[in-house]
Structure formats: C-alpha cells, structure tokens
1. Between the stretch 569-586 and the stretch 208-266, what's the alpha-carbon centroid distance in Å?
2. For Cα pairs less than 8 Å apart in space and 6+ apart in sequence, what is the mean separation divided by the residue count of the stretch 111-254, i.e. the relative contact order in percent?
3. Three principal axis extents, largest first, for the C-alpha atoms of the stretch 171-232, in Å?
4. For a quick protection proxy, order the peptides 127-134, 254-261 by their average other-Cβ count within 10 Å, most packed first.
5. Please list, or write none, the lysines whose alpha carbon is within less than 22 Å of the alpha carbon of Lys399, excluding same-chain residues fewer than 8 places away.
6. Report the full-extension gain for the segment Glu218 to Leu447: residue separation times 0.36 nm, less the Cα-Cα distance, to one decimal in nm.
7. With labels modelled as points extended 7 Å from the Cα through the Cβ direction, what inter-label distance (nm, one decimal) is found for Thr504 paired with Lys254?
8. Straight distance only, please: which lysines reach the Cα of Lys91 with their own Cα at less than 20 Å, same-chain residues fewer than 8 apart left out?
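The values are calculated or read from the model by the stated rules, or taken from the named source; none is laboratory data. Note that the structure is predicted; figures quoted are calculated from it, not measured. Every residue, glycine among them, receives a Cβ derived from its backbone with ideal geometry; neighbour counts consider all protein chains shown. These accessible areas exclude ligands, DNA and RNA; they are computed on the full protein's heavy atoms, side chains included. Shrake-Rupley method; radii C 1.70, N 1.55, O 1.52, S 1.80 Å.
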Amino acid sequence: MTSDCQELPTPSAVQLPMLGLTHGKRSPVTCHLKCDSQCARPEPNASTEPTFAEVAGRQLTRRAMLVGGSALAAAAALPAVWPQQAAAHPKPGHPDHPGHGPLAFTPIGPVGAEVDLLTVPNGYQWTPILRWGDPLFANSPAFDPSRPNARAQQLQFGYNNDYLDILVDPRGRTGLLCCNHEYTNRNIMFPPTTTAEQEAEVLKALMAAHGFSVVELERRATKQPWRYVRGGRRNRRFTANTPFRLTGPAAGSKLVTTAADPSGRTALGTFGNCSGGTTPWGTILSGEENFNGYFVADPAARGSKRYGLTNTPSVYGWEQVDPRFDATKPGYANEPHRFGYIVEIDPYDPSSTPRKHTAMGRFKHEGANIRVDNDGTVAAYMGDDERFDYLYKFVAKRKHRPGKSAEARRHNLQLLTEGDLYVARFSGTQRPDGANLGRGVWLPLVLDGRSQVPGMSVEEVLVFTREAADAVKATPMDRCEDVQPHPKSGKVYVACTNNTQRGTAGKPGADAANPRPTSTQPTGSTNKDGHVIEITEHRNRAGATTFSWNILLLWGDPTDEKVRTYFAGWDGPVAPISCPDNLAFDSVGNLWVATDGAPSTIEKADGLFKVPLEGRQRGHVQQFLAVPTDAETCGPVVHDTDDSVFVAVQHPGEDGSWAEQRSYFPDFVPAGHRPRKGAWRGPRPTVVQVTRQRRSR
Ligand code: FEO
Ligand code: CA
Ligand code: CA
C-alpha cells in the first residue's frame with residue numbers, strides 16, 4: 001500500500017436520499033488518511049446527472065423513496081483507473097482490466113456512516129422493489145404502522161430483509177423474489193403501546209413480520225426494472241407460526257418433542273433467518289441464526305449455556321402471547337431445540353410444506369451454500385456466526401440427479417435429509433504478508449448415519465452440534481458468515497466478519513486462520529474488521545476430507561498503520577472496508593462482498609464491493625454501492641448480464657436517537673408534548689434493484 005494521500009473522495013456527489021435523517025450523534029466524515037483529511041474536501045460533481053440538491057428539490061426524499069415513491073439517480077466518485085496505474089491497465093474486456101465483466105462501473109468512494117442515502121455509481125439508478133408492509137395478496141390491507149395488526153402483517157412483506165435471490169423464469173419477463181426476514185426493530189416500526197390489548201397485537205404483528213416471503217415479479221423486458229405482482233399465484237408468506245416439517249435423523253427424537261407436538265416432526269415457524277443459498281434444484285435455503293433471543297429457558301438445561309439461552313425475559317417478548325417461547329413451562333423444554341436449523345423452501349410449489357433439515361446440524365446457522373461436483377456429490381458449506389464457533393460441511397448421502405424432470409426434482413428435494421456432517425480444523429503458519437498458508441481437515445461428526453463423537457448419539461450430535469464440535473477440537477473461528485463455493489473454480493470463500501475478543505483474557509489467541517488478536521500484537525491491530533479465507537478442497541473434490549487454504553483478504557482501513565491489512569497481494573489503493581458478511585459471484589467469477597459493521601469499525605457506511613479473484617486485479621477491492629445510516633447491506637444478487645444488481649437494505653435507522661424514533665410517529669404524544677399531525681414517516685427495510693440508467697427514460 002502506498003503511503004501518500006490517495007485522494008479518496010468524499011461521499012459521491014450525486015446521491016439519492018434514502019433515510020432523510022440527520023443523526024446528530026454521528027461523527028463527521030473521517031477518512032483516516034495520512035493527508036490529514038484532504039479527501040474530506042467537497043468534490044466537484046463531474047456527473048451529468050442531477051445533483052443532490054436538484055434531486056432533493058424534486059422532493060424525492062427518503063420518505064418519497066421508501067414510503068411512497070420511485071427512485072432515479074446515481075453517484076459520481078472515484079476515477080475508473082488510478083492515475084499511476086492507468087498506463088499499465090489493459091483495455092476493457094481483458095481479464096486484467098479492473099472493470100472486467102459485463103457490469104463495468106466507476107467505483108464510488110467511501111461514504112460516511114452518517115450519510116442517510118443509498119449511493120450507487122455514476123450512470124446507475126436504483127428502484128425499490130418491495131418494502132416492509134407492501135401488500136402481497138389481493139386481500140392484503142394497506143400498510144398502516146399506526147395500527148399494528150397481525151393479520152395484516154401476515155399478508156404484507158415482512159421486516160428486515162436479509163437473504164435474497166431473484167429467480168428469473170425461462171422467458172425472462174417474470175420471476176420470483178425470495179427473501180427472508182431476520183428480525184424486527186419494534187421501536188421504529190410501531191408506536192409505543194398504552195394498553196395490554198395493544199401490546200399483545202404488536203407482539204403478534206412482530207411474529208408475523210419475521211420469516212420469509214416469496215413474491216412474483218414481472219417486467220416489460222430484460223434489463224428493465226422489476227415490479228412485484230400483488231396477488232401473484234406463487235406469492236407466499238412464512239412467519240413465526242407457519243408449520244415446518246422436521247427431516248433427518250433427529251426428527252421425531254425425544255430431544256425435539258413438545259406437549260403440543262409429541263411426534264417431534266412439526267415445528268411452528270422460523271425466525272432469526274440470516275443468510276441463505278439457492279440450490280441447483282431451485283429451492284431456497286435459509287439459516288436460523290440468533291434463535292436464542294426468542295426464548296426464556298432453564299439455564300441449567302442441556303445446551304442452554306452453549307447456545308446462549310437464559311431465563312431472563314426474551315429479547316422479543318413473545319412468551320407474553322405464546323407460552324411455547326417460555327421453555328421453563330411444563331411441556332415446552334424442547335421448544336428451543338426445534339430452531340437453529342437450515343430451512344428449505346420450494347418457491348415453485350405454493351402448496352409445499354417448508355422443512356428444517358436436522359442432518360445439517362443445529363447451531364447459529366448463517367446460511368448454507370451448495371456445490372455439486374462433477375460426479376454428482378453434493379456438499380453444503382455452513383458457518384456458525386458466533387465468536388469462536390465453527391465452520392461446517394454437510395455431504396449428502398445421495399448424488400445429485402441432473403435434468404429438469406419431475407422425477408429428478410423429487411429426488412433432489414430429498415438430498416439434504418441424509419448425509420455426513422463435518423467441522424473444520426485449520427493448521428498452518430503465519431506469514432509476514434498476512435497471506436498465511438495452511439492445511440485443514442474436515443473432522444467427521446456423523447458418518448454413514450453413525451455418530452463419530454464418543455458419548456453422543458446421532459440425535460445428540462445433530463441437536464447439540466456445538467458440543468460435538470467442541471469435543472473433536474474444531475478450530476474456533478472469527479464469526480463465519482457466508483461460506484460460498486465458487487461456481488467455476490470450486491474454491492470455497494469464508495467471510496469471517498470480525499472478532500474483537502480474540503486474544504482477550506480467557507479467550508483463544510490468534511492462529512493462522514484467524515491471525516489478528518485484540519491489542520496483543522505489536523501493531524495494536526485487532527480483528528474488528530474481519531477477513532476472508534480461500535479454501536481449496538483436496539483434488540478439488542466436494543466430498544474431500546482435507547483441504548488447503550490461504551487468507552485472501554484481511555479487511556480494514558489500509559491507510560491505518562495500526563491495522564494489518566492484506567488484499568491478496570494487490571498493492572494499489574483500495575477503499576476502507578470492514579466486516580464481510582454476504583457473498584456473491586458475477587458471471588465472470590468476481591467475488592462480491594456485502595458488509596455489516598459500520599460505523600463501529602471504520603466509520604463508513606456499509607456497502608457492496610467487487611473483488612476480482614484472478615489475474616493482476618486479484619484483490620483489487622472496488623466499491624459499488626453504500627447503504628444509508630445504520631443499514632446493513634444484505635443479500636447481494638449480481639445479474640450482470642442483465643445490467644442489474646439487487647440488495648436487501650436491512651435495518652435502516654435502527655440506531656437513531658429516541659427523539660428521532662419518536663418523530664416517526666406523529667400520532668404518539670409523549671407526556672408534556674403537543675399533538676402533531678401527519679402520517680408515519682419512519683424508514684422501511686427495502687429490496688432495491690440497481691440498473692444502468694437509460695437515456696430514453
Ligand atoms: Fe445475521 Fe450472521 O449475521
Ligand atoms: Ca449476515
Ligand atoms: Ca452480520
């Protein structure tokens with residue numbers, strides 16, 4: 001990394017307001033550069049697109065965007081090629097060109113965490129497709145957060161969209177939007193309650209705002225914005241009360257039976273769904289992550305400590321309206337054992353029953369992504385997103401059946417119900433450049449239907465999977481988020497989002513695969529910014545039991561000497577980047593990384609970044625977009641041959657002050673305040689499509 005001022009620009013000159021809020025508690029833009037924040041100077045707008053002021057003058061505010069309008073504009077930012085490298089750069093179309101791929105763009109610069117806008121590259125525009133509360137069915141009530149209503153919410157798009165995929169039908173004019181809804185922010189969704197009846201209705205509405213949505217899409221032509229179809233034949237909502245069928249060896253075991261379900265085969269609902277994956281056979285996988293926050297439980301019960309279950313009131317308070325969320329009550333002790341799985345949803349069959357696959361283990365699943373080897377072997381890669389938890393692999397017992405016949409699909413729909421479960425152990429040595437090379441082994445937990453963990457039955461391994469992984473001495477990781485096999489090379493990319501406790505008192509210290517301890521290195525570096533590991537299976541086989549690996553990226557602000565960053569050997573400038581979370585690939589094999597961590601890490605808004613993996617541009621991080629204040633960038637979908645990128649903008653505005661949050665509810669009058677008039681005006685989690693601007697519009 002060069003040490004001169006890199007002239008990184010201020011937030012892009014042309015942006016669309018998304019949240020429209022001023023967070024006074026936010027720090028001003030801080031670029032951390034050695035040039036003493038020269039880069040904080042306003043940058044001239046080189047774009048021919050309307051300026052922010054012009055756009056704002058048309059009153060296309062966040063409220064217009066996300067509450068009631070459509071969107072248009074874009075942002076100007078970094079030069080396409082850094083001046084000192086321009087002479088050496090190949091022409092567009094060459095794999096070594098930084099813009100290689102169908103979706104060339106000029107990277108935006110880092111955007112301050114206080115910028116309440118969705119920022120996209122110059123020449124691009126964004127359009128909201130679906131927002132929290134949008135009616136999905138013909139009989140859906142209109143969105144009205146001033147009157148929380150559980151039945152209405154069941155018929156509307158849920159809250160906090162995270163995993164996302166856009167499945168395009170063969171003719172290209174219709175498709176399906178598949179999206180989960182991780183959790184809720186009731187303080188900015190609904191006004192405070194004043195009666196017990198109101199409180200009960202709010203809690204039930206919040207349960208209905210969780211889960212999953214399948215929504216039909218349509219458009220006039222390819223490369224045009226999608227619109228959702230209200231009342232589409234395949235539209236569905238899954239909530240915290242939808243019946244799911246348990247599959248696999250632990251289904252029906254005494255570890256998952258309850259008074260309400262003595263068969264142990266039907267669990268009600270899914271929640272805490274974080275990331276996911278789309279299978280080659282056209283289903284969606286979604287990871288049940290922080291399920292512990294929904295329960296009251298006996299802290300002495302088996303698994304409570306390891307899974308973070310306590311006997312204090314739950315985070316979400318659902319035990320007030322449904323006793324199954326209080327596992328200390330008679331008959332409900334096993335209710336928490338029915339969450340923490342990978343769920344599979346068939347979006348093409350509206351009558352299908354969603355399933356939870358116990359064979360894939362129970363932990364705080366971030367998600368699961370499938371690789372099908374040439375011989376039909378099916379592997380699912382999975383992370384447990386908790387500090388010092390583990391990386392897992394599931395290998396299906398049966399081989400994938402190719403083709404589109406009904407018989408092949410029926411066969412493939414059973415692939416995740418039976419197979420072998422492994423957990424990773426890494427070994428290796430630290431290198432001065434941070435790349436760190438090593439070997440690894442997949443330690444078996446279940447093989448051929450038999451437990452490989454002394455003293456634990458198969459059912460116990462699959463319900464208390466963390467205990468099983470502890471017993472075989474897996475490697476404690478820095479919070480594995482998305483784990484995705486590359487669609488072309490088969491290499492596996494592991495996003496370790498951060499771990500600010502590695503090396504602290506009583507915690508594991510650094511190792512080769514998690515090389516940054518907290519404040520114990522001479523450099524004072526910490527793993528507050530996370531890293532990405534690149535894994536190559538032995539002989540590149542999905543079913544291999546050993547692998548090699550290297551550190552691909554050590555995130556952070558490369559201009560901060562205290563932070564040891566590494567960008568796959570790339571030594572040109574990159575934008576500060578922190579906390580990798582969701583991963584995606586484009587059609588030429590570039591990695592795209594969505595982040596979740598600002599502003600606590602580098603004081604920049606979260607965003608979406610392209611990272612070439614091959615050739616001279618390997619490791620050259622280029623930012624594509626930034627999300628508004630407090631939001632996390634989720635569910636990136638890159639349809640570059642269709643000129644489109646999709647993101648799920650999650651929890652915008654969730655950290656705002658009490659005064660800001662109360663300002664969303666004009667009807668709510670705190671004691672001592674005068675009534676105001678007007679509609680609710682809070683932020684709405686939104687699925688957004690980014691496309692190239694077209695002159696004809
Ligand atoms: Fe919900 Fe692992 O982030
Ligand atoms: Ca995540
Ligand atoms: Ca995260």
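1. 33 Å
2. 24 percent
3. Here the spans come out as 51, 20, 17 Å, largest first.
4. Going by the mean number of other Cβ atoms within 10 Å, highest first, we get 127-134, 254-261.
5. Correct list for Lys399: Lys356, Lys488, Lys491.
6. 78.0 nm
7. Placing both labels 7 Å beyond Cα along the Cβ direction yields 4.0 nm.
8. Correct list for Lys91: Lys610.
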